[in-house]
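Asks: My questions all concern the structure below.
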Amino acid sequence: MRVNPDMSADVLSAIWETQSQENTALQQMSTGKRVNSPSDDPLAAAQMVANSDQSNRTDQYLQNIDTLTSQLQTADGALSSVVQALTQAITLGVQGSTGTLSDGNRQQIVQNLKGIQSQLVQLANTSVGGSYLFGGTATTAPPYTLDSTSPSGVTYNGNSGTNTVQPADGLNLQTNLPGSQLFQNSGGDVFGSLQQLLTALQSGTTTDAGTATNQLRSAFDFVTGQRIFYGNGINQLSSTQTYLQQEKLTLTSQENNLVGADLTKAATDLTRAQTAHEAALAAAARILPTSLLDYLK
Amino acid sequence: MSASVPTIVASQSFALQAGTNGGTVQEVFSAQGQDITSQIQGGQLAGTLQIRDQVIPQLLTGLNDLASQFATSFNAKHTAGFDRSGNPGQNFFNPLASTTNAAANFGVAITDPSLIAASSDGSAGSNGNIAQLIAVRDQQLPSGASPMDMYSNLVLQVGNFGANAQADSNATGLSLQQLTDQRNAVSGVSLDEESTNLIRYQRAYEASARVVTTVDSMLQTLMTMGVTT
């Protein structure tokens with residue numbers, strides 16, 4: 001049978017083919033990826049879109065959790081100081097409600113209590129990055145100012161709004177308690193009972209002072225109870241963080257399955273393609289120039 | 001169907017020209033100035049034209065739809081909120097009047113971060129509208145798919161076009177190679193065959209020459225016989 005006497009085209013295409021296999025294997029090994037453009041595996045490339053979206057989202061969630069945790073910790077720290085200040089105020093109130101005090105001592109206690117009052121205002125005006133933590137959603141101005149004409153001794157400039165943050169898919173976490181709920185609650189009114197104690201010591205009876213001190217105690221209990229809100233939030237964020245870090249690992253391994261190169265296979269492919277390429281070149285060099293003419297002397 | 005336009009007649013060739021024909025894209029013209037773009041049915045030029053006029057516009061439409069629908073949905077949620085100063089939210093993305101060139105004109109309209117309408121009630125610290133904005137990601141756009149799905153689909157389409165073209169090219173290349181082989185098997189010049197023929201003819205010639213030489217020598221002998229020395 002007569003065959004195509006000019007093999008150069010076949011040989012050339014075989015050389016190109018092996019060279020392209022070498023390139024593919026080399027690219028997979030150097031990038032570590034099996035899918036380097038969508039056409040390498042359209043379906044995997046499309047799935048990678050969702051994967052990298054979720055991965056970016058998880059990164060952002062983790063970053064948010066850091067910010068949020070420090071915000072909750074600051075708020076919790078402020079409440080802890082409020083509780084300490086209230087302990088002092090209760091001690092002073094107990095001293096003030098005993099009948100054996102001189103006017104001078106009483107004045108001394110009043111001065112101390114006024115100091116505690118402005119300290120509490122300062123704590124209630126705690127801010128993180130220029131945003132006030134206890135003003136509800138009115139975060140741009142200090143929520144509390146001292147106001148001697150008000151029955152509570154202060155004016156609240158905030159509102160009763162609360163914010164909810166999504167620290168992970170499908171999880172909603174309330175991140176703030178407004179000052180009106182924390183410090184002026186009917187279950188325990190920090191500023192109101194302190195002002196009542198001041199009034200009692202300045203112009204009332206020891207019985208009035210005793211009643212006001214008891215109200216301070218219930219305010220103390222109330223604020224201590226509210227700290228659970230922040231403690232819970234911090235705990236929840238911490239466990240969410242662990243979960244998200246796990247999720248990140250899962251996503252990375254999923255990415256590896258979708259588009260990652262099997263390096264062992266790529267290395268084997270490379271060796272095989274290299275051998276085939278060299279063989280094709282060697283065969284071409286031996287066969288192509290040979291014809292009958294070489295043997296006719 | 002108009003008559004085909006000759007580009008090569010005998011030893012004369014007619015150069016094609018490129019130019020616009022009232023539109024913005026380049027068309028192919030014959031040497032006589034006739035627009036023959038639609039008549040080009042094969043070859044590299046037809047492939048390039050098909051990519052330009054059919055494949056890319058289809059993908060572009062998908063991308064433009066995504067850009068315009070996403071911008072519109074996001075703006076709708078954004079304008080329902082309030083910025084840090086308590087003013088109603090403005091458009092977050094440049095409003096896209098039509099889907100033409102939507103992806104090219106897609107861009108953020110606001111430059112001041114305090115104009116982000118995160119607040120749902122006008123107070124500066126509220127973040128109620130953020131949840132609404134985030135929800136756009138998973139909501140169906142008018143196309144019936146979420147933005148992420150629309151984009152994944154586009155990636156899938158582009159990948160498929162590439163992969164199919166690659167497979168077609170491989171298959172066509174193989175059949176071309178086989179056909180070339182078959183043709184060359186019939187019409188190709190085999191040096192071995194021609195050398196063999198050459199040798200055969202050479203031998204025949206040599207043999208004929210030998211016959212002539214022999215006859216010549218015989219004649220010569222014959223002639224010599226008649227001459228007395």
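Asks: Here are the criteria: (1) touching an Asp or Glu at 6+ places or on another chain (Cβ under 7 Å); (2) free of Cβ contacts under 8 Å to residues at least 12 places away in the same chain. Tell me which single one B:Gly89 does not satisfy.
Replies: (2)
Asks: Hey, B:Ser123 hits all of (1) hydroxyl-bearing (Ser, Thr, Tyr); (2) within 28 Å of the chain's Cα centre (by Cα); (3) over 30 Å from A:Ala9 (Cβ atoms); (4) buried (at least 16 other Cβ atoms within 10 Å of the Cβ) but one; which does it fall short on?
Replies: Unmet for B:Ser123, out of (1) hydroxyl-bearing (Ser, Thr, Tyr); (2) within 28 Å of the chain's Cα centre (by Cα); (3) over 30 Å from A:Ala9 (Cβ atoms); (4) buried (at least 16 other Cβ atoms within 10 Å of the Cβ): (2).
Asks: Could I ask something else about it? Out of all the residues in segment A:140-186, which are in a strand (DSSP E or B) and touching a Ser or Thr at 6+ places or on another chain (Cβ under 6 Å)?
Replies: A:Thr145, A:Thr155, A:Tyr156, A:Val165, A:Pro167, A:Ala168, A:Asn172, A:Gln174
Listed here are the residues, each with its yes/no results for (1) surrounded by 16 or more Cβ atoms within 10 Å (Cβ to Cβ); (2) within 30 Å of A:Ala44 (Cβ to Cβ); (3) under 29 Å from the mean Cα position of the chain (by Cα).
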site: B:Tyr151; (1), (2), (3): yes, yes, yes
site: B:Asn160; (1), (2), (3): yes, yes, yes
site: B:Asn164; (1), (2), (3): no, yes, yes
site: B:Gly173; (1), (2), (3): no, yes, yes
site: B:Asn184; (1), (2), (3): yes, no, no
site: B:Ala209; (1), (2), (3): no, no, no
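Asks: Continuing with this model, one more query. Within segment B:115-134, can you find the residues that are outside any loop (DSSP other than H, G, I, E, B) and more than 10 Å from chain A (Cβ to nearest Cβ)?
Replies: Hits for segment B:115-134 are B:Leu115, B:Asn129, B:Gln132, B:Leu133.
Asks: Among the residues of segment A:149-178, count how many are touching a Leu at 6+ places or on another chain (Cβ under 9 Å) and not hydrophobic (A, V, I, L, M, F, W, C).
Replies: 9
Asks: Report, by residue number, each residue of segment A:248-297 that is outside any loop (DSSP other than H, G, I, E, B) and touching a strand residue (DSSP E or B) at 6+ places or on another chain (Cβ under 8 Å).
Replies: Of everything in segment A:248-297, those that are outside any loop (DSSP other than H, G, I, E, B) and touching a strand residue (DSSP E or B) at 6+ places or on another chain (Cβ under 8 Å) turn out to be A:Val259, A:Gly260.
Asks: Mind counting the residues in segment B:135-171 that are assigned to a helix (DSSP H, G or I) and under 26 Å from A:Thr175 (Cα atoms)?
Replies: Counting residues in segment B:135-171 that are assigned to a helix (DSSP H, G or I) and under 26 Å from A:Thr175 (Cα atoms) gives 1.
Asks: Filter segment A:242-271 down to the residues that are free of Cβ contacts under 8 Å to residues at least 40 places away in the same chain and more than 25 Å from the chain's Cα centre (by Cα), then identify the one that is farthest from A:Asp53 (Cα to Cα).
Replies: For segment A:242-271, the residue satisfying everything is A:Thr271.
Asks: Okay, next question. Name the residues in segment A:179-210 that are more than 20 Å from A:Gln84 (Cα to Cα) and surrounded by fewer than 23 Cβ atoms within 10 Å (Cβ to Cβ), would you?
Replies: Residues satisfying the conditions are A:Ser186, A:Thr199, A:Ala200, A:Gln202, A:Ser203, A:Gly204, A:Thr205, A:Thr206, A:Thr207, A:Asp208.
Asks: Something else: From B:Asn101, B:Asn91, which residue is at pLDDT 90 or above and surrounded by 13 or more Cβ atoms within 10 Å (Cβ to Cβ)?
Replies: None of the others qualify; the one that does is B:Asn91.
Asks: Among the residues of segment A:73-89, is any within 30 Å of A:Ser253 (Cβ to Cβ) and surrounded by 16 or more Cβ atoms within 10 Å (Cβ to Cβ)?
Replies: There is no residue in segment A:73-89 that is within 30 Å of A:Ser253 (Cβ to Cβ) and surrounded by 16 or more Cβ atoms within 10 Å (Cβ to Cβ).
Asks: Could you list, in sequence order, all residues of segment A:222-241 that are under 14 Å from the mean Cα position of the chain (by Cα) and loosely packed, with under 14 Cβ neighbours inside 10 Å?
Replies: Within segment A:222-241, A:Asn235, A:Ser238, A:Ser239 qualify.
Asks: Could I ask something else about it? Within segment A:125-138, track down each residue that is touching a Ser or Thr at 6+ places or on another chain (Cβ under 8 Å), within 13 Å of A:Thr175 (Cα to Cα) and outside any strand (DSSP E or B).
Replies: Answer for segment A:125-138, where residues must be touching a Ser or Thr at 6+ places or on another chain (Cβ under 8 Å), within 13 Å of A:Thr175 (Cα to Cα) and outside any strand (DSSP E or B): A:Leu133, A:Phe134, A:Gly136, A:Thr137.
Asks: Follow-up. Checking A:Thr100 against (1) in a helix (DSSP H, G or I); (2) free of Cβ contacts under 8 Å to residues at least 24 places away in the same chain, only one condition comes out false. Which one?
Replies: (1)
Asks: Of everything in segment A:22-47, what is in contact (Cβ under 8 Å) with a residue 24 or more places away in the chain and more than 8 Å from every other protein chain (Cβ to nearest Cβ)? Give them in sequence order.
Replies: Those that are in contact (Cβ under 8 Å) with a residue 24 or more places away in the chain and more than 8 Å from every other protein chain (Cβ to nearest Cβ): A:Glu22, A:Thr24, A:Ala25, A:Leu26, A:Gln28, A:Met29, A:Thr31, A:Gly32, A:Lys33, A:Arg34, A:Val35, A:Ala44.
Asks: Listed residues A:Thr87, A:Thr58; which is under 23 Å from A:Ser239 (Cα atoms) and β-branched (Val, Ile, Thr)?
Replies: On inspection, the qualifying residue turns out to be A:Thr58.
A quick yes/no check of all residues on (1) farther than 20 Å from A:Ile228 by Cβ; (2) at pLDDT 90 or above; (3) out of contact with any His (no Cβ under 7 Å at 6 or more places or on another chain); (4) within 14 Å of chain B (Cβ to nearest Cβ):
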| position | (1), (2), (3), (4) |
| --- | --- |
| A:Gln122 | yes, yes, yes, no |
| A:Gly130 | yes, no, yes, yes |
| A:Leu146 | yes, yes, yes, no |
| A:Gly158 | yes, yes, yes, yes |
| A:Val165 | no, yes, yes, yes |
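Asks: Output yes when any residue across segment B:173-180 is among the small types (Gly, Ala, Ser), more than 15 Å from A:Asp6 (Cα to Cα) and in a helix (DSSP H, G or I), and no when none is.
Replies: The answer is yes, given that some residue of segment B:173-180 is among the small types (Gly, Ala, Ser), more than 15 Å from A:Asp6 (Cα to Cα) and in a helix (DSSP H, G or I).
Asks: What is the number of the single condition among (1) crowded, with 16+ Cβ neighbours inside 10 Å; (2) in a helix (DSSP H, G or I); (3) free of Cβ contacts under 8 Å to residues at least 24 places away in the same chain that B:Glu27 does not meet?
Replies: (2)
Asks: For B:Arg183, indicate whether it is free of Cβ contacts under 8 Å to residues at least 24 places away in the same chain, within 11 Å of chain A (Cβ to nearest Cβ) and not in a helix (DSSP H, G or I).
Replies: Criteria not met by B:Arg183.
Asks: Another question about this same structure. Hey, could you check segment A:1-21 for residues that are β-branched (Val, Ile, Thr) and away from chain B (no Cβ under 11 Å) and say which is nearest to A:Thr264 (Cα to Cα)?
Replies: A:Thr18
Asks: What single numbered condition from (1) crowded, with 17+ Cβ neighbours inside 10 Å; (2) without any contact (Cβ under 8 Å) to a residue 40 or more places away in the chain; (3) within 11 Å of the chain's Cα centre (by Cα) fails to hold for A:Gln60?
Replies: With (1) crowded, with 17+ Cβ neighbours inside 10 Å; (2) without any contact (Cβ under 8 Å) to a residue 40 or more places away in the chain; (3) within 11 Å of the chain's Cα centre (by Cα) applied to A:Gln60, the lone miss is (1).
Asks: Determine which member of the set B:Ser73, B:Ser38 is modelled with pLDDT under 90 and hydroxyl-bearing (Ser, Thr, Tyr).
Replies: B:Ser38 is the lone residue from the list that is modelled with pLDDT under 90 and hydroxyl-bearing (Ser, Thr, Tyr).
The values are calculated or read from the model by the stated rules, or taken from the named source; none is laboratory data. Note that the coordinates shown come from a computational prediction; the quantities given were computed from them, not determined experimentally. For neighbour counting, all protein chains shown are included, and Cβ atoms are generated from backbone atoms with ideal geometry for every residue, glycine included.
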